[in-house]
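**Student:** Let me give you the structure first, and then I'll get to my questions.
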Amino acid sequence: MAPGPRGPGGHHRRRLVRADDRRPAVAVTTPAAHREVASPGAAALAAEAARALVQTFRERAGREPGATAIRYKRHGIWRALSWGEYRDEVATTAVGLRSLGLAAGDRVALMAGQSLDWFVAEVAAQSLRAVVQGLYQGASPGELAGQLAASEPAVFLAHGQEQVDALLEAEAEAEAGRALADHVVVADVQGVLRYEDRRITSLEDVRSQGRAALGEDPGAWDRLVEATGPDDVVRLASTSGTGGTSRGALLTSRNLVASWGAAFSAMPAPPGPKDVAVVQRPLAYVGEAASSLVLSIVFGVVAHLPEDEELAAEALVEVSPTVLVDFPRTFEVQASRALIDLETGSRLKRSAYRAATSLARRAVEPTWRGERPSALARAGRWFAHQLVLRQLLNTFGYRRLRIALTGGAPVSPDVVRLWQVWGVPLRELYGLTEHGGVAALQVAAAPEPGGGLEPVPGTELRLAGDAEILLRGPGVFRGYWQDEQATARAVDAEGWLHTGDVGRQGAAGIEVVDRRTNLLAVAGAEQVPASVVEHALTFGPYVRDAMVVAHGRPHVGALVEIDYDNVADWARREHVLYTSFTSLATNPRVSELVGRVVEEANLRLAEAGLPPVRVFRLLPRELDEEVAPTHALRRDRVEAAFGELIDDMFRNPTDMAGGPGTVGTGRRDAPAQEGGRAT
């Protein structure tokens, strides 16, 4: 491929694709098990996947220009953007970016939070057949420098001064004198007016140029959209790096619609224009960006954008959405918060909750077996919801949810079970960046927590001889950015994507066991799936995260990160003195508290036929860069940061510093977890 024009740093900008370089559509046979699920919207969805997402956007905006497309919060007030206004913003932004020289295949790096500007810029970039690279706020300068040096973006679009400063700090980490972007476009320029960097221009100036150009040539944006196709690469998405290396995955418009569009269409009652959603996760995460765009553009769901990422939980309560896709960690944290609030409340409050939970469980449990609960059980659940559980769900903004999906990291069936009993129809999904963020999910009317998943309509899924999950279909990505060898290892000659995840065939579909690299061989025992053990440890309010250490060891050990807020509340109630996270984590009474949590976890592990956690250590600080943006553990980084603690855990199992040496093995008379069983 010929090099592109030089950027201001003197390096060449490589274009990703040429106008004539389009991959033909992949022919896929929908598995028989999905033919019923895929109708009645299968034909319409196939038509959507066969054209660029931006063309669907233009059609919807032309068909219903006055309808509300997005609601966004600004200065504390929710404001509405109609589809017609949305289209005009996209058109002026796209044509304005073209005036900067942005062309097909160029990269646009976005670091703009959960803002309306991100939504507009993403669709505008698709209009130009440019490729969006989402960047996480809070990335270290070195990490950001590496990502930008690899992608060589033509445009860095920032929300404001904070993001521009992040770029400049990253450039200071890069090769001397090398600029990491040709143009820096800033939405809020108030903090950068005195910056002397000539690359900086305001987003409003870019749009002004676009409006001027459209005034002279009103059909300019329409012609750009007409030139787009379903196999244009629209996203350069970073993988989580939980396997040790983060790569840039190239995703096409077809990939996004064929994954998320198929997933939502498989719901018993698919989403529509009467539904509302709140953007919860960073838009740099492809699962959030893709699901939000597809929900909005393909299904007409009204997206709500919080004023700031830190205020997303507040927006949930205000909006009370009907559709939600979120990380397992969010549901775990919210469940812990609810349990702590209930257990520390009045005796009447605890009694009411336990009675309501018991009534609700009687109606929910039969549905997991495919049975219809009795009329008496259904009536009991209705009363439980009206009198108690409705208020609990209102606390989190979950009361109106009718579609709730969680994935992106391992999820505990116990957490899913708890939310279903409380009244949230939570379903598990399985996804990976290389398949647009979703590849399989639970589609039954009342799926059993931890039960099997079915591939999204149009995708084939099978297990290899070593039980690795393989995927084939229109959702499979184009390849890794500038890494043909890694692409060849990931996708074989027959088009099967090798996921690196191990699964097994269950009664209701495929059950994901764990990452292949997370199956740990304990000396003298069979392989132990790390995530199952970690789920047992983190179920409850006092453990925020845990990492199992067992491979080649004489028994199972674990590194445990306490939930600081909940343990601090416990410490105040118990008159335990502390001054910081470290002083709390190293307090012997906190070690005893977590020891009881581990005892409870071992009961669960014994029921599953898994070996117990014999030793553990409490981490002296909170995990930071050791956790991916999806909240999945980056195990190699944890091991590197706490290697000495791991060695000490097995070398001195009876040393009480940082955690009890040995704990229970699943005895039925083990002390109960502080805070009580959840369900």
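The values are calculated or read from the model by the stated rules, or taken from the named source; none is laboratory data. Just so it is clear, the model here is predicted, and its values are computed rather than measured. Virtual Cβ from ideal backbone geometry, glycine too; neighbours counted across all protein chains shown.
**Student:** So which residues in region 458-472 are in a loop (DSSP other than H, G, I, E, B) and in contact (Cβ under 8 Å) with a residue 60 or more places away in the chain? Before the answer, list the steps.
**Tutor:** Our first condition is that a residue be in a loop (DSSP other than H, G, I, E, B); within region 458-472, this holds for 458-459, 464-467.
Hits for region 458-472 are Gly458, Thr459.
**Student:** Considering Ala103, Ala130, Ala154, which residue is surrounded by fewer than 22 Cβ atoms within 10 Å (Cβ to Cβ), at pLDDT 95 or above and either farther than 30 Å from Val627 by Cβ or among the β-branched types (Val, Ile, Thr) (or both)? Lay out the reasoning, then the answer.
**Tutor:** Working: Ala130 fails: surrounded by fewer than 22 Cβ atoms within 10 Å (Cβ to Cβ); Ala154 fails: surrounded by fewer than 22 Cβ atoms within 10 Å (Cβ to Cβ).
Among Ala103, Ala130, Ala154, only Ala103 is surrounded by fewer than 22 Cβ atoms within 10 Å (Cβ to Cβ), at pLDDT 95 or above and either farther than 30 Å from Val627 by Cβ or among the β-branched types (Val, Ile, Thr) (or both).
**Student:** Report whether or not Gly229 is under 21 Å from Leu316 (Cβ atoms) and either touching a residue at least 40 places away in the same chain (Cβ under 8 Å) or assigned to a helix (DSSP H, G or I) (or both). Even if it seems obvious, please write down each step before you answer.
**Tutor:** Values: under 21 Å from Leu316 (Cβ atoms): no; either touching a residue at least 40 places away in the same chain (Cβ under 8 Å) or assigned to a helix (DSSP H, G or I) (or both): yes.
Considered against the rule, which asks whether it is under 21 Å from Leu316 (Cβ atoms) and either touching a residue at least 40 places away in the same chain (Cβ under 8 Å) or assigned to a helix (DSSP H, G or I) (or both), Gly229 comes out as no.
**Student:** Would region 255-277 turn up any residue that is of a type in the set (A, V, I, L, M, F, W, C) and in a strand (DSSP E or B)? Give the derivation first.
**Tutor:** Taking region 255-277 as the starting set, the residues that turn out to be of a type in the set (A, V, I, L, M, F, W, C) are 256-258, 260, 262-264, 266-267, 269, 276-277.
Adding the requirement that they be in a strand (DSSP E or B) leaves 276-277.
Yes: region 255-277 contains one or more residues that are of a type in the set (A, V, I, L, M, F, W, C) and in a strand (DSSP E or B).
**Student:** Name the residue that is nearest to Val90 (Cα to Cα), counting only residues in region 185-204 that are among the aliphatic types (A, V, I, L, M) and crowded, with 16+ Cβ neighbours inside 10 Å.
**Tutor:** Taking the candidates together, the pick is Leu203.
**Student:** Yes or no: region 231-244 includes at least one residue that is β-branched (Val, Ile, Thr), buried (at least 22 other Cβ atoms within 10 Å of the Cβ) and closer than 29 Å to Gln209 by Cβ.
**Tutor:** Yes, that holds for at least one residue.
**Student:** If you don't mind, there's one more thing I want to ask. Any idea which residue in region 323-353 is modelled with the lowest pLDDT, counting only those that are of a type in the set (D, E, K, R) and surrounded by fewer than 20 Cβ atoms within 10 Å (Cβ to Cβ)? Outline the logic, then answer.
**Tutor:** Start the filter on region 323-353 by keeping residues that are of a type in the set (D, E, K, R), which leaves 326, 329, 332, 337, 341, 343, 347, 349-350.
With surrounded by fewer than 20 Cβ atoms within 10 Å (Cβ to Cβ) added as a condition, the list becomes 337, 341, 343, 347, 349-350.
Numbers: Arg337: 88, Asp341: 87, Glu343: 81, Arg347: 91, Lys349: 92, Arg350: 92.
Only one residue fits best here, namely Glu343.
**Student:** Any residue that is surrounded by fewer than 21 Cβ atoms within 10 Å (Cβ to Cβ), among the hydrophobic types (A, V, I, L, M, F, W, C), within 18 Å of Lys274 (Cα to Cα) and in contact (Cβ under 8 Å) with a residue 24 or more places away in the chain - is there at least one of those in region 47-65?
**Tutor:** no
A quick yes/no check of all residues on (1) outside the structural domain of Gly408 (by TED's automatic domain parsing); (2) touching a residue at least 24 places away in the same chain (Cβ under 8 Å); (3) surrounded by fewer than 19 Cβ atoms within 10 Å (Cβ to Cβ):
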residue	(1), (2), (3)
Ala149	yes, yes, yes
His183	yes, yes, no
Val206	yes, yes, no
Gly215	yes, no, yes
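**Student:** Further, regarding this structure: Out of region 175-199, which residues are under 19 Å from Gly134 (Cα atoms) and among the aliphatic types (A, V, I, L, M)? Working first, answer last.
**Tutor:** So in region 175-199, the residues under 19 Å from Gly134 (Cα atoms) come out as 179-188.
Once the filter is applied, which keeps residues that are under 19 Å from Gly134 (Cα atoms) and among the aliphatic types (A, V, I, L, M), region 175-199 yields Ala179, Leu180, Ala181, Val184, Val185, Val186, Ala187.
**Student:** For region 171-181, state whether one or more residues are under 23 Å from Gln209 (Cα atoms) and either in the same structural domain as Gly76 (by TED's automatic domain parsing) or crowded, with 24+ Cβ neighbours inside 10 Å (or both).
**Tutor:** Start the filter on region 171-181 by keeping residues that are under 23 Å from Gln209 (Cα atoms), which leaves 181.
Subset that is either in the same structural domain as Gly76 (by TED's automatic domain parsing) or crowded, with 24+ Cβ neighbours inside 10 Å (or both): 181.
Within region 171-181, one or more residues are under 23 Å from Gln209 (Cα atoms) and either in the same structural domain as Gly76 (by TED's automatic domain parsing) or crowded, with 24+ Cβ neighbours inside 10 Å (or both).
**Student:** Still on this model: Among the residues of region 537-580, write down those that are under 21 Å from Pro620 (Cβ atoms) and assigned to a helix (DSSP H, G or I).
**Tutor:** Scanning region 537-580 gives Leu537, Thr538, Tyr564, Asp565, Asn566, Val567, Ala568, Asp569, Trp570, Ala571, Arg572.
**Student:** Among the residues of region 305-322, write down those that are over 15 Å from the mean Cα position of the chain (by Cα) and either surrounded by fewer than 19 Cβ atoms within 10 Å (Cβ to Cβ) or β-branched (Val, Ile, Thr) (or both).
**Tutor:** The initial filter retains those residues of region 305-322 that are over 15 Å from the mean Cα position of the chain (by Cα), namely 305-308, 310-311, 313-322.
Answer for region 305-322, where residues must be over 15 Å from the mean Cα position of the chain (by Cα) and either surrounded by fewer than 19 Cβ atoms within 10 Å (Cβ to Cβ) or β-branched (Val, Ile, Thr) (or both): Asp308, Glu310, Leu311, Ala313, Glu314, Val317, Glu318, Val319, Ser320, Thr322.
**Student:** Additional query: Which of the helices (runs of 4 or more DSSP H) contained wholly in region 359-457 include at least 2 residues that are free of Cβ contacts under 8 Å to residues at least 12 places away in the same chain and of a type outside the set (Asp, Glu)? Steps first, please.
**Tutor:** Working: elements: 375-384, 390-396, 413-422.
Where helices (runs of 4 or more DSSP H) fall fully within region 359-457 and carry at least 2 residues being free of Cβ contacts under 8 Å to residues at least 12 places away in the same chain and of a type outside the set (Asp, Glu), they are 375-384.
**Student:** If you scan region 582-623, which residues turn out to be of a type in the set (D, E, K, R), outside any helix (DSSP H, G or I) and under 20 Å from Val567 (Cβ atoms)?
**Tutor:** Let us first name the residues in region 582-623 that are of a type in the set (D, E, K, R), namely 589, 592, 596, 599-600, 604, 607, 614, 617, 621-622.
This time we only want the ones that are outside any helix (DSSP H, G or I), so: 614, 617, 621-622.
Scanning region 582-623 gives Arg617, Arg621, Glu622.
**Student:** Let me ask something else about it. Take the residues in region 473-526 that are touching a residue at least 12 places away in the same chain (Cβ under 8 Å) and of a type in the set (S, T, N, Q), then tell me which one is surrounded by the most Cβ atoms within 10 Å (Cβ to Cβ).
**Tutor:** Checking each candidate, the answer is Asn518.
**Student:** When region 79-100 is examined, which residues are found to be surrounded by fewer than 19 Cβ atoms within 10 Å (Cβ to Cβ), farther than 19 Å from Gly300 by Cα and of a type outside the set (S, T, N, Q)?
**Tutor:** Correct list: Leu100 only.
**Student:** Identify the residue in region 498-546 that is in contact with a Pro (Cβ under 9 Å, 6 or more places away or on another chain) and polar (S, T, N, Q) and, among all such residues, is nearest to Arg462 (Cα to Cα).
**Tutor:** Step by step, filter region 498-546, then rank; the result is Asn518.
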